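A.B. asks: Could you have a look at this structure, given as C-alpha cells, before my questions?
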Amino acid sequence: MDDNRRLPIVYVRGFAGGTRGIDKAVDDPFYGFNEGSTHVRVGAHNQPLFHQFESPLLRLLREEGYELLVKGNQEAYLADHAEIPANTVWIHRFYDRSATTWGGRPQEYRLERAAEDLLDLIDRLCAKTHAPAVILVAHSMGGLVCRSLLQKVLPDRGRDAGCVAKFFTYGTPHGGISFDIGGGLLEKMRDTFGIQGADIFGSRRMYEYLTPQAELDPGGPPRGWDAREMPQGPGTLPAERVFCLVGTNPTDYDVAFGLSAAAVGPHSDGLVQIENAYVPGAHRAFVHRSHSGRYGMVNSEEGYQNLRRFLFGDTRIEASLVDYRLPDDDDVVWQAESRLSVRGLPVVMHERLAAHWCPIQLDGRRAGQEASVSLATTFLNSGLRALTDEPMRFVLDLRLISLRERGGILGLGDHLEQSADFSDTLVIDVGTPEAGPGIWATWNSEIEGAIRDHRVAGSPRSDEDPAPGRWVAHIPLPGTTARLVGGDARIRLVATPWT
C-alpha cells in the first residue's frame, strides 16, 4: 500500500437544521456515511433494479483496506493511543456539543467552530499516524466546514493547507443556496432571521467564514465576490486537488414533501442548484442523483466510484472538444451532451444532458481565442482492471444539438425534440503507468460488432506533447460533422499521472 493510500480519511457531514435534527444526527455513530441503498437506475426501461450498495464507509474498508477504530468512543481511542494506523477512517462529530442527547446545556452551533475543531482532529491524526496530511470527504454543508478550515482557520493561524492532500465534496453548496421562486425574498428572509441557522447558505455569512480575518471587510462581501472561488497561490490547496460531485436529479429529493425541490428549481439536486455545486477550476462529475435520500448521491454507486478513483487512481484523463467552428447564424444555439462510462462498472460515471438541465453550451470562437470546452475528466486505476494485460477502457458519448431561437423563443417550425445533429461514442483505451500511458481511440461508428468485442490493435496514437509526464492526442470527429462544427473539430485527450 503506497503513501497516498495510507492517508487518513475524515468524513464531514451536512446540515442537520435545528436541535431536533442535530439530536437525530448525533444518534448515528457514523453521521450517515454508513447508510447504503438498494436501488440504482440501470434498468433497460429506466426502471430501478435491485443493487445492493453497502455504503461508502463499508466499501472503503472492504476494497481499500481501511480500518474503523471507534471501539466505543472515537475521541477516547485517539486520546488513549500514542500511535494509530494511517489507513483509517474518522468522522468529524462536530454536532455532538450542540445536541441535547447527552444532557447538559448544548452549545449554539457555529460553522467556524466546527472548522476549528476539524483542524484539531487533523492535527491529532497526523501526529499519531505520522501521515503528512489527511483526505477530506464531505457532504453538503460539510464541504463548507472544510472550506472554512482551508480559507479562514488555517490562514488566521499562520498556517498553509499542507495538512490536506485531497478534498472531495458531494452536493456541497459552494455558491450558497438560492431559489427559483420568490424573486430573492426567500433568501432575504432566511439571511435576516437565520431560521435554524440556514443563513450560513447566504452570501454575507459565507463571506464571514470563508475569508481570513485580516482580509475581512465589516461591510460585507465586495461587489462581484463569488463564494465558489477558492483562492489559489502559495500555501493554498490547489484546485486540481478538489473534486466536486454535482447532482442533477431534483425529483427524488422528497424533503419537506418536495417543497424544497420545487423552490430551488429543476436545475438542481433538489437543494443545491447545479451552478452552485462546484468550485471553479476543480474537477467535477455530474450524476443524475438527488441531494440525499434513497436516490441520494452519497449512498450511490456513482458517487463512490468517482470518490474511489479520485482518491486512489493512478491516471487522470481530460477530454475536451477543441477547434470547433460553429455556423454563422445568430439564431441558432449549439449544445453538446456527454456521458462517460468506465468498463466493468454498473453505472454512468458522468453525464451532462439537456434533459438533466446541464448541457454543455458551445460558443463561437472569438478573435485570438481557441474554441475549446471540457467534456469530462475522469480518473482511472490500473489496479482495478479485470485482466492485468489489457488497457484501461472507458467510453465517451458525444451528442451535438442545435436549437433555433428568435427573441428567446424556440422555433418549432423545423424542430425535432431531443434529436441530435450528431451522435457517436468514442471508445478509449489507456495504457498502464508501468507500460506508458499510450492511448488508442476509435469511434463506435467505425467498429464492427459490439464494443465489448473490440480489441485494440497496432501502436497507440502518437504523443503530441514532448513534455514528460503529459500525453496528448487529438482525435478528429467523423467527417459527417464538418458542416456542423467545421473540419478541424477534434477531441483532445490529455493523460497525466495521478497520485
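The values are calculated or read from the model by the stated rules, or taken from the named source; none is laboratory data. Just so it is clear, the model here is predicted, and its values are computed rather than measured. Every residue, glycine among them, receives a Cβ derived from its backbone with ideal geometry; neighbour counts consider all protein chains shown. These accessible areas exclude ligands, DNA and RNA; they are computed on the full protein's heavy atoms, side chains included. Shrake-Rupley method; radii C 1.70, N 1.55, O 1.52, S 1.80 Å.
A.B. asks: For region 66-110, which positions are out of contact with any helix residue (DSSP H, G or I) (no Cβ under 8 Å at 6 or more places or on another chain), among the basic types (Lys, Arg) and surrounded by 13 or more Cβ atoms within 10 Å (Cβ to Cβ)?
C.D. replies: Pass one, region 66-110, residues out of contact with any helix residue (DSSP H, G or I) (no Cβ under 8 Å at 6 or more places or on another chain): 72-77, 79-80, 97, 103-105, 110.
Right, trim to among the basic types (Lys, Arg) and you get 97, 105, 110.
Scanning region 66-110 gives Arg97, Arg110.
A.B. asks: Need the failing condition index for Gly486 against (1) surrounded by 15 or more Cβ atoms within 10 Å (Cβ to Cβ); (2) at pLDDT 95 or above; (3) not charged (D, E, K, R), just the number.
C.D. replies: (2)
A.B. asks: Quick one: would you say Ala165 is open to solvent by less than 10 Å² (accessible area, probe 1.4 Å) and either at pLDDT 95 or above or within 23 Å of Leu307 (Cα to Cα) (or both)?
C.D. replies: Answer is no for this residue.
A.B. asks: Tell me the residue from Arg294, Arg316 that is basic (Lys, Arg) and either free of Cβ contacts under 8 Å to residues at least 60 places away in the same chain or not in a loop (DSSP other than H, G, I, E, B) (or both), please.
C.D. replies: Arg316
A.B. asks: Could you check region 179-205 and list, in sequence order, the residues that are touching a helix residue (DSSP H, G or I) at 6+ places or on another chain (Cβ under 6 Å) and not in a helix (DSSP H, G or I)?
C.D. replies: Phe179, Ile181, Gly202
A.B. asks: Next up: Look through Arg325, Arg339 and report the one residue that is surrounded by fewer than 20 Cβ atoms within 10 Å (Cβ to Cβ), farther than 24 Å from Gly36 by Cβ and without any contact (Cβ under 8 Å) to a residue 60 or more places away in the chain.
C.D. replies: Going through Arg325, Arg339 in turn, the sole match is Arg339.
A.B. asks: Continuing with the same structure: Can you find a residue that is buried (at least 21 other Cβ atoms within 10 Å of the Cβ) and out of contact with any strand residue (DSSP E or B) (no Cβ under 9 Å at 6 or more places or on another chain) anywhere in region 118-128?
C.D. replies: For region 118-128, residues buried (at least 21 other Cβ atoms within 10 Å of the Cβ) and out of contact with any strand residue (DSSP E or B) (no Cβ under 9 Å at 6 or more places or on another chain): absent.
A.B. asks: Output the number of residues of region 349-365 satisfying the condition of being touching a helix residue (DSSP H, G or I) at 6+ places or on another chain (Cβ under 8 Å) and open to solvent by 30 Å² or more (accessible area, probe 1.4 Å).
C.D. replies: Counting residues in region 349-365 that are touching a helix residue (DSSP H, G or I) at 6+ places or on another chain (Cβ under 8 Å) and open to solvent by 30 Å² or more (accessible area, probe 1.4 Å) gives 1.
A.B. asks: Something else about it: When the residues of region 49-65 are filtered to those that are open to solvent by 30 Å² or more (accessible area, probe 1.4 Å), of a type outside the set (A, V, I, L, M, F, W, C) and touching a residue at least 24 places away in the same chain (Cβ under 8 Å), which remaining residue is nearest to Ala131 (Cα to Cα)? Outline the logic, then answer.
C.D. replies: At the first step, the residues of region 49-65 found to be open to solvent by 30 Å² or more (accessible area, probe 1.4 Å) are 49-52, 54, 58, 61-63, 65.
Add one more test, that the residue is of a type outside the set (A, V, I, L, M, F, W, C), and what stays is 51-52, 54, 62-63, 65.
With touching a residue at least 24 places away in the same chain (Cβ under 8 Å) added as a condition, the list becomes 51, 63, 65.
Numbers: His51: 36, Glu63: 21, Gly65: 16 Å.
Among those residues, the one meeting the criterion is Gly65.
A.B. asks: Do we find that Leu136 is in a helix (DSSP H, G or I), open to solvent by less than 10 Å² (accessible area, probe 1.4 Å) and modelled with pLDDT of 95 or more in this structure?
C.D. replies: Here the answer is no, as Leu136 does not meet what is asked.
A.B. asks: List pairs: first residue in region 178-193 and within 15 Å of Gln273 (Cβ to Cβ) and touching a residue at least 12 places away in the same chain (Cβ under 8 Å), second residue among the hydroxyl-bearing types (Ser, Thr, Tyr) and not in a helix (DSSP H, G or I) anywhere in the structure, Cβ distance under 9 angstrom, at least six positions apart or on different chains.
C.D. replies: Within 9 Å, the pairs are Asp180/Ser268; Leu186/Ser178; Glu187/Ser178.
A.B. asks: I'm trying to understand the selection: among the residues of region 291-304, which are small (Gly, Ala, Ser) and surrounded by fewer than 23 Cβ atoms within 10 Å (Cβ to Cβ)?
C.D. replies: The one that is small (Gly, Ala, Ser) and surrounded by fewer than 23 Cβ atoms within 10 Å (Cβ to Cβ): Gly293.
A.B. asks: Here's another thing I want to ask about it. When you go through (1) within 30 Å of Asn299 (Cβ to Cβ); (2) of a type outside the set (A, V, I, L, M); (3) part of a loop (DSSP other than H, G, I, E, B) one by one for Gly219, which number turns out not to apply?
C.D. replies: Gly219 satisfies every listed condition except (1).
A.B. asks: Same structure, new question: Take Ala127 and tell me if it is in contact (Cβ under 8 Å) with a residue 60 or more places away in the chain and of a type in the set (Gly, Ala, Ser).
C.D. replies: So Ala127 fails the test.
A.B. asks: For region 262-272, check the following and say yes or no: at least one residue is over 26 Å from Asp363 (Cα atoms), open to solvent by 20 Å² or more (accessible area, probe 1.4 Å), in a helix (DSSP H, G or I) and of a type in the set (A, V, I, L, M).
C.D. replies: Checked against the condition, which is being over 26 Å from Asp363 (Cα atoms), open to solvent by 20 Å² or more (accessible area, probe 1.4 Å), in a helix (DSSP H, G or I) and of a type in the set (A, V, I, L, M), region 262-272 yields at least one hit.
A.B. asks: Hey, another quick one. Taking region 279-290, which residues are in contact with a Leu (Cβ under 9 Å, 6 or more places away or on another chain) and either part of a strand (DSSP E or B) or surrounded by 23 or more Cβ atoms within 10 Å (Cβ to Cβ) (or both)?
C.D. replies: Passing the criteria: Arg284, Ala285, Phe286, Val287, Arg289, Ser290.
A.B. asks: Ok, one more. Within region 226-261, restricting attention to residues that are assigned to a loop (DSSP other than H, G, I, E, B) and at pLDDT below 95, which residue is surrounded by the most Cβ atoms within 10 Å (Cβ to Cβ)?
C.D. replies: Tyr253
A.B. asks: Let me ask something else about it. Having 3 or more residues that are closer than 20 Å to Arg309 by Cα is the bar; report the helices (runs of 4 or more DSSP H) wholly within region 1-114 that clear it. Don't jump to the end; show me each part of the working.
C.D. replies: On the way: elements: 19-26, 56-64, 74-80.
Result: 56-64.
A.B. asks: Of all residues in region 339-353, how many are modelled with pLDDT of 95 or more and among the small types (Gly, Ala, Ser)?
C.D. replies: 1
A.B. asks: For Asp160, indicate whether it is farther than 18 Å from Ser268 by Cα and assigned to a loop (DSSP other than H, G, I, E, B).
C.D. replies: Considered against the rule, which asks whether it is farther than 18 Å from Ser268 by Cα and assigned to a loop (DSSP other than H, G, I, E, B), Asp160 comes out as yes.
A.B. asks: Continuing with this model, one more query. Quick one: in region 358-378, which of the residues that are farther than 26 Å from Arg309 by Cα and modelled with pLDDT of 90 or more is farthest from the chain's Cα centre (by Cα)?
C.D. replies: Applying the first criterion (farther than 26 Å from Arg309 by Cα) to region 358-378 yields 361-371.
Now restrict to residues that are modelled with pLDDT of 90 or more: 361-362.
Working: Gln361: 19, Leu362: 22 Å.
Out of the qualifying residues, it is Leu362.
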